[in-house]
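Data block below; observations after.
The values are calculated or read from the model by the stated rules, or taken from the named source; none is laboratory data. Computed from a predicted structure; not experimentally measured. Here Cβ is always computed from backbone atoms with ideal geometry, including for glycine, and neighbour counts include all displayed protein chains. Each accessible area value is taken on the protein alone, full model and side chains, heavy atoms only, with ligands, DNA and RNA left out. Shrake-Rupley method; radii C 1.70, N 1.55, O 1.52, S 1.80 Å.
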Amino acid sequence: MSAPPPYGPTELLVIAKEPVPGRVKTRLCPPFTPAEAAELAAASLADTLRTALTLPARRRVLVLDGRPGPWVPPGIEVVPQCAGGLDERLAAAFAGCTGPALLVGMDTPQLTAPLLAPALAPDAWEGCDAWFGPAEDGGFWALGLARPDPDLLRGVPMSVPWTGAVQRRRLVEAALAVRDLPVLLDVDTAADAHTVAAAAPDGAFAEVLGRLTGAGVR
């Protein structure tokens, strides 16, 4: 039997969509087909969940829009996303937590344990109320809260170039001590996909992208 995942003080949340063609990574089309985009999304999510299982956490939760399948590995709990906009769905994910929580998305398959180590360490919340991971496109790829308060997310405009700035300002205006994680690139476009795959060449995402692009399809 494999060893159980390492334990830590923080709940680790991964918010994601079921990788169904036409519902995920639509900005990859073209050059990729909806089925290929879904395959890339599935690989990105697989890499993210695989990393989650190596990280110290109290719970590891996939907050899922859609239906779970055999692609969910053991050790990952699945809860459904609520209805509403992304701000409401993120808020509800934190509302389901009973202690410190860190949320990441499925669009950064280059995520590694060392990148998240500061926010999941035993002393992560000493003198810190929030962890913030900015994305290159102006959004954010990670958000950690010592005391999960859904109101910190409700009303934040999502999927615009100033999403991250508004969210971080919301934290500061709530008088929270904020620490920043490194800036990462979300996979939104085909160019993003190639950049991210080059940063994580040994992952499932890079393998799928190489297969799709190396077979003469593109």
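Less than 5 angstrom separates the built amide H of residue 124 from none of the residues sequence-distant by 5 or more or on a different chain. For the chain, the Cβ-based charge dipole about the Cα centre amounts to some 300 debye (Lys, Arg positive; Asp, Glu negative; other atoms uncharged). Relative to the dominant Cα principal axis of the chain, helix 163-173 is inclined by about 10°.
At a threshold of 8 angstrom on Cα-Cα distance, excluding pairs fewer than six apart, so keeping six or more, what relative contact order does the chain reach in percent?
Relative contact order comes out at 23 percent.
What does the charge dipole of the range 4-91 about its Cα centre add up to, to the nearest 20 debye, if the Cβ of each Lys and Arg holds +1 and the Cβ of each Asp and Glu holds -1? Roughly 80 debye, rounded to the nearest 20. Plainly put, the chain has a radius of gyration that is 0.95 times its Kirkwood radius, both from alpha-carbon atoms, as the Rg/Rh ratio.
Taking the C-alpha atoms only, the angle from helix 204-214 to the longest principal axis of the chain is near 30 degrees.
Along the chain, counting only GluC sites (Glu not before Pro) with a DSSP assignment other than H, G, I, E or B and at most 16 other Cβ atoms inside a 10 Å radius, the longest segment between sites is 1-125. How far, in degrees from 0 to 90, does helix 86-95 lean away from the longest principal axis of the Cα atoms of the chain, to the nearest 10? That helix lies at roughly 50 degrees to the long axis.
Around the amide H of residue 78, modelled in the peptide plane, lie the amide H atoms of 62, all under 5 Å away and 5 or more residues distant in sequence or on another chain. Across the accessible surface of the chain, with the other protein chains kept in place and a 1.4 Å probe, carbon and sulfur atoms take up 59 percent. In terms of its C-alpha gyration tensor, the range 34-160 comes out rounded, because the ratio a/c of the largest to the smallest axis stays below 1.5. Its relative contact order, with pairs defined as Cα atoms under 8 Å and 6+ residues apart, puts the range 55-123 at 31 percent.
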